[in-house]
Amino acid sequence: MACGDYLDRMSKPFTSGDDGLARKGYHHGNLREALIEAARFLITERGPQGFTLIEAARLVNVSPAAPYRHFKDRDALVSEVAAIAAETFERRMRIAGETAVTPQARMEAFGGAYLAFAREEPGLYRALFDTPCTLSRPTLIFKALEASIRDLRPDHPDPGGAAQAVWALSHGVALLVQSGQWPASGKTPDDVLSLGARSLLG
C-alpha cells in the first residue's frame with residue numbers, strides 16, 4: 001500500500017496490550033501494513049534504532065524471514081514510517097493553517113497542531129525528527145510559519161530567524177512533554193508555547 005493511502009490507518013492509536021497487530025498480520029494479506037504499524041509502536045517505545053526487523057516480525061506473529069518480502073532491512077522499514085510521519089505532520093499543520101482567519105490565529109493554530117501531533121503520535125514524531133533523512137520534509141511548514149510571521153509582523157527584521165526560533169521552542173516543549181519532564185502544575189505546554197512565541201516576536 002502506498003504511503004499516502006495508509007495515513008488514515010496510521011492515525012488510529014493502539015497499545016502494546018492489543019494483540020490486534022497479530023490478528024491483522026500476514027494471513028490477511030497486509031503484512032506490509034502490519035509491519036509499519038508494529039514499527040510505529042516500537043519506535044514509540046525505543047526510538048527508530050531501538051529494535052530489529054525480527055522483533056517487528058514477532059510483534060505481528062510472522063516468521064523472521066517474512067518481513068524481507070517487503071523491506072530489505074530495519075532502516076528501510078523505519079524510512080517508510082518516517083515518510084508517513086512527514087506526510088501526516090505536513091497535512092495536520094496545513095489544515096491548522098487553513099482553518100485560521102488571522103495571522104495571529106494561524107500562529108496559534110500551528111503551535112497547537114505541532115504539540116498535538118507530538119502528543120498523539122509519539123512514534124511518528126520520533127520517526128520524523130530522529131531520522132535525519134526526513135528532516136527536509138517539513139520545509140513547507142517552515143515556509144508557512146515564516147509567511148505567518150511576515151503577515152503578523154511586516155516590520156520584523158528577520159522573519160526566517162524568528163520562524164526557526166519558534167520551531168525550536170515548539171520542539172523543546174514537545175520533547176519535555178514526551179519525556180515526562182513537564183511540571184504537573186503551572187502553565188500548560190500550549191500556554192507556554194504561545195507565550196514564548198509572542199515573546200520571540202516582540
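The values are calculated or read from the model by the stated rules, or taken from the named source; none is laboratory data. What you see is a predicted model, and the numbers here were worked out from it, not measured in a lab. FYI the Cβ positions are ideal-geometry reconstructions off the backbone, even for glycines, and counts take in every protein chain you see. Side chains are part of the model used for accessible areas, which takes the heavy atoms of the whole protein and leaves out ligands, DNA and RNA. Shrake-Rupley method; radii C 1.70, N 1.55, O 1.52, S 1.80 Å.
What's the number of the only condition in (1) farther than 16 Å from LEU193 by Cα; (2) open to solvent by 20 Å² or more (accessible area, probe 1.4 Å); (3) not basic (Lys, Arg) that LEU169 fails to meet? Only one criterion is unmet by LEU169, namely (1). Count of region 69-93 residues, restricted to those that are without any contact (Cβ under 8 Å) to a residue 12 or more places away in the chain and open to solvent by less than 10 Å² (accessible area, probe 1.4 Å), is 0.
Selection of region 125-144 for residues being at pLDDT 60 or above, open to solvent by 20 Å² or more (accessible area, probe 1.4 Å) and more than 16 Å from ARG74 (Cα to Cα) yields PHE129, THR139, LEU140, PHE142, LYS143, ALA144.
All conditions but one from (1) in contact (Cβ under 8 Å) with a residue 24 or more places away in the chain; (2) closer than 26 Å to VAL177 by Cβ apply to ALA66; the one that does not is (2). The set of residues from region 90-100 being over 14 Å from ALA147 (Cα atoms) and modelled with pLDDT under 90 comprises GLU90, THR99.
If a residue must be assigned to a helix (DSSP H, G or I) and open to solvent by less than 20 Å² (accessible area, probe 1.4 Å), how many such residues does region 108-122 contain? Can you show your working first?
Step one: filter region 108-122 for residues assigned to a helix (DSSP H, G or I), giving 108-120, 122.
Next cut, open to solvent by less than 20 Å² (accessible area, probe 1.4 Å) only: 110-111, 113-118.
Final tally of qualifying residues: 8.
Okay, residues lined up against (1) modelled with pLDDT of 90 or more; (2) assigned to a loop (DSSP other than H, G, I, E, B); (3) not β-branched (Val, Ile, Thr):
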residue	(1), (2), (3)
ALA2	no, yes, yes
PRO13	no, yes, yes
GLY17	no, yes, yes
ALA22	no, no, yes
ILE36	yes, no, no
GLU45	yes, no, yes
PHE51	yes, yes, yes
SER63	yes, yes, yes
PRO67	yes, no, yes
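Whether a residue is among the polar types (S, T, N, Q) and at pLDDT 90 or above was assessed, and SER79 passes this test.
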